[in-house]
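Comments concern the structure below.
Nothing in this text is a laboratory measurement; each read-out follows from the coordinates by a stated rule. Predicted, not measured: the structure shown is a model, and the values here were computed from it. All Cβ positions, glycine included, derive from the backbone under ideal geometry; neighbour counts span all protein chains shown.
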Amino acid sequence: MTELTVITFVLAAVLIGMACVKADRVRSWRESLNPSAPEVPDAAFVAARALFIVMAAACVWVGLQV
């Protein structure tokens with residue numbers, strides 16, 4: 001059981017780290033891979049950050065329950 005707890009807490013930390021990445025950095029990385037791709041709106045980054053934080057909270061909850 002402790003392995004599952006550690007995995008969920010590590011996953012939560014990774015998700016929080018992904019939520020902290022700035023939109024400009026993602027845009028520049030994305031443009032280097034596909035320059036002709038359309039621009040991603042700011043609302044998409046806000047939604048992704050919210051989703052990452054909710055998923056991290058769920059991981060913490062599961063880790064505490066186990």
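Odds and ends about this structure:
- Computed helical MRE - 222 nm, the chain, DSSP H runs ≥ 4 contributing -39500 (n - 2.57), nearest 500: -27000 deg cm²/dmol
- Qualifying GluC sites (Glu not before Pro) for the chain [loop in DSSP, other Cβ within 10 Å: at most 14]: E39
- Rounded to the nearest 20, the size of the Cβ-charge dipole of the chain about its Cα centre is 60 debye, with Lys and Arg at +1 and Asp and Glu at -1.
- Labels on offer are (1) 1.40; (2) 1.13; (3) 1.00, and the one holding Cα Rg over 2.2 N^0.38 Å computed from this structure is (1).
- Counted by Cβ distance under 13 Å from G17, the other residues give a net charge of +3, where Lys and Arg count +1 and Asp and Glu count -1.
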